[in-house]
Amino acid sequence: MKTLMLILITAFIPIVSIRAQEPNIPTTTVTKTDTFVPDTEKLSNLYNNGIGIRYSNISGYGLSYLRRFLDDYTVCINGAITYNEYEKWTDMSKTNVEEDTKNILYNFGIEFQRDLFVTTGTKIYGLIGMYYTDDDNKGQDNSGTVNKTFSIGVGFGFQWYMGKHVAGYFHFGYKFDNIDSEENNQPSLQRQTVVGFGLGMAILF
């Protein structure tokens, strides 16, 4: 699921970038006495909401909702739930089960962003994010694997506007993982710090 999400986002962003029209930015006559361009011309200030898709090992993957508040801050909520069940019988009577597995994956995350540098069509922001994922893959005898991961990290992101209502973004940083696992009824615990990254796109409104 994570690999598929990453492939879809990576393939879709260049297509949208090529086909997107130039941003319809309000124009203002700038004279020699003007010392700045009004903030209203910056696309990052025009919209308070966004929906999209993303992959991030800092703040989760799946569908996302963005909400801008207090001018320079944005909160992003992400999540995905997948379910896969497989059954196999020994004969056509379907009375004796040979294999019965169920895989349920929950992934929920949240990210807080703070704008650091904003231009007309781009912005750089700092972020802190976290996510929790529960991957339960077990068979009829309760054997299999369970992975429960909690991650928290910090980093920087870059967002660019491919059209008036379309934005793409990527980020990188450093994160801490706490992975509580169980394989065939044998528990284990892993803690690690690794490089974090993410990318995605959103429709703004």
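A few remarks follow.
- Shape of the stretch 79-205, Cα gyration tensor, a/c cut at 1.5: oblate
- Virtual spin-label span in nm between N96 and N178, 7 Å along Cα→Cβ: 4.7 nm
- Shape class for the stretch 95-166, computed from the alpha carbon gyration tensor (a ≥ b ≥ c): prolate, with a/c not under 1.5 and a/b above b/c.
- Considering only I124, N184, V194, the residue lying farthest towards the positive end of the dipole of the stretch 89-205 is I124, judged by Cα position with unit charges set on Cβ.
- In terms of its C-alpha gyration tensor, the stretch 155-201 has an oblate overall shape, because the principal axis ratio a/c (a ≥ b ≥ c, square roots of the eigenvalues) is not below 1.5 and a/b does not outweigh b/c.
- For the stretch 82-205: lysine pairs under 23 Å (alpha-carbon distance), excluding those fewer than 8 apart on one chain: 10
- Gain on full extension, evaluated as 0.36 nm per residue between I128 and Y65 minus their Cα-Cα distance, stands at 21.1 nm.
Taken together, the values in this text are just the output of simple stated rules run on the coordinates, not laboratory data. If you're wondering where the values come from, they're calculated on a predicted model, not measured in any experiment. Glycine gets a Cβ as well: all are built from the backbone with ideal geometry, and neighbour counts include every protein chain shown.
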